[in-house]
Amino acid sequence: MTEFPNLTVLDHPLIQHKLSHLRSVDTPKKGFKELVDEIAMLMAFEVTRSLQLEDVQVTTPLERVTCQRLKGKKLVLVPILRAGLGMVEGILRLVPSARVGHIGLYRDEETLQPVEYYCKVPPHPGDRTFIVLDPMLATGGSASAAVTLLKDRGAVSIRFMCLVAAPEGVERLSADHPGMPIYTAALDRELNDKGYILPGLGDAGDRLFGTI
Ligand code: PRP
Ligand code: URA
């Protein structure tokens, strides 16, 4: 439990084990990418727990049986470029039918304000569930702007998933989008004066794509 009612910290032992390696400065680019992928997949199991099901009739080799399948239009994963891209494939292995939207945002290094450069999501956003993906929730500016972009296009059911969150970011995102579920693998201590999460894991995009 934390002071944030809409925040869930996923403390599964496998997630925490992998996160410890992800944080390490000694983990090279290849291992970092694999860990982001694996942690996102493990987290998705819990993040998708409340998806709705509907009854379907299935014929087994022996008889007819009532089973359950995901209801409604396909789920949408929305990575925030760049670093959110690293979370997509792992989740798609669990939910291969999910659609993938993209939101292009970067954080201005001086002002720490998000700068938007791209947004593409599937049709009928009002009828779908969206999972916004970004490994890092720092000031919360990027995540909040991404959710606003989705709402402007008609999305209603939105949840946010990150690997490491700062309290400042959770507070900002909760204030800007009350009630929206936020999932993280860790709630860290604070931001430093450059807006980096402490203890954090450094610059997620740079470590994923080798642009350090
Ligand atoms: C990082 C990260 C988030 C953002 C978080 O991206 O992936 O999108 O910063 O910071 P905030 O919560 O203070 O907005 P960055 O802007 O470095 O862009 P990149 O993914 O292209 O490297
Ligand atoms: N973006 C990152 O990639 N890392 C941080 O610690 C903060 C913002």
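Coordinate-derived values only; no laboratory data. Note that this is a predicted model, so its numbers are computed, not measured. Cβ placement follows ideal geometry from the backbone for every residue including glycine, while neighbour counts extend to all protein chains displayed.
For region 193-209, backbone phi angles converted through the Karplus equation (6.51, -1.76, 1.60; θ = phi - 60°) give residue-by-residue couplings of 6, 9, x, 8, 6, 10, x, x, 8, x, 8, 4, x, 5, 6, 5, 9 Hz, Gly and Pro being listed as x.
Across q = 0.13, 0.15 Å⁻¹, region 15-146 modelled as identical point scatterers on its alpha-carbon atoms has Debye log10 I(q)/I(0) values of -0.66, -0.83, in the order of the q list. Counting every other Cβ atom within 10 Å of each residue's Cβ, S24, S97 order from fewest to most as S97, S24. Just need the relative contact order of region 7-209 here, percent rounded to a whole number, with Cα pairs under 8 Å and 6+ apart. About 22 percent, as a whole number.
Give me the net charge of A40's neighbourhood, meaning all other residues with Cβ under 14 Å from the Cβ of A40; Lys, Arg count +1, Asp, Glu -1. Kindly include the intermediate steps, with their values, before the conclusion.
Values: positive: K18, K33, R93, R159; negative: E34, D37, E38, E46, E89, D134.
My count for the surroundings of A40 gives -2.
Here the 3J(HN,Hα) profile of region 151-160, calculated from phi with Karplus coefficients 6.51, -1.76 and 1.60 at θ = phi - 60°, is 4, 4, 8, x, 5, 10, 9, 9, 10, 10 Hz, Gly and Pro shown as x.
Sort I158, I182 so that the residue with the fewest other Cβ atoms within 10 Å of its own Cβ comes first and the one with the most comes last.
Values: I158 20, I182 24.
Least crowded to most crowded, the residues run I158, I182.
Dimensions of region 117-212 from C-alpha coordinates, computed as largest minus smallest value along each principal axis and given longest first, are 39, 30, 21 Å. Listed by chain and number, the lysines whose C-alpha is less than 23 Å from the C-alpha of K18, apart from same-chain residues fewer than 8 away, are K29, K30, K33. Neighbour counts of other Cβ atoms within 10 Å put T2, T27 in the fewest-to-most order T2, T27.
So what's the gap between the Cα centers of region 69-109 and region 1-63, to the nearest angstrom? Going from one Cα centre to the other spans 14 Å.
Where both bridge residues fall in region 7-209, DSSP classifies roughly 40% of the beta bridges as antiparallel.
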